[in-house]
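No value in this document is a laboratory result; all are computed from the given coordinates. Predicted model only: the values in this text are computed from it and were never measured. Virtual Cβ from ideal backbone geometry, glycine too; neighbours counted across all protein chains shown.
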Amino acid sequence: MGRHAHDTSIHGRLLGLIAAPVTSAELATSAEVMELIIGNTVKSGMAEGAAYAKFYSTDGAIKADCYRGKWPVEGDAMCFGYGEGADCLTVSIDGDSVSWKVDGEAAGPGTLSWGNPNAI
């Protein structure tokens, strides 16, 4: 059955995370990024200290309070485009904790929230 339960409900997805989370030392695969980040919100502050809440819509849009962008997943990295070009980061996910990484180095922590609780 793999790392995560195949139940698509929020309850089932949470049980899958509790049963076998991606550990903080392990980078998430593209399938895990699609399952756990896409369709959900990450609240965070990057290393530069800018706090944000972003909803990663299933249609490829990034929605935040003051701006919009686009996300693709390339390989096992999630990319963020806000105009010209895109920046790609890998991510570790442990329960509701997210750790974005650039070249293997921590770029910023985050907290995963199911769905779009802020109605962004």
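Miscellaneous remarks
- Region 88-102 residues near the modelled Glu74 label - backbone nitrogen below 13 Å, point 7 Å along Cα→Cβ: 88-90
- Set of aspartates and glutamates near Lys63 by C-alpha distance (under 19 Å), chain-local residues within fewer than 8 positions excluded: Glu35, Glu84, Asp87
- On full extension, the segment bounded by Asp65 and Ala50 gains 4.1 nm, given 0.36 nm per residue less the C-alpha separation.
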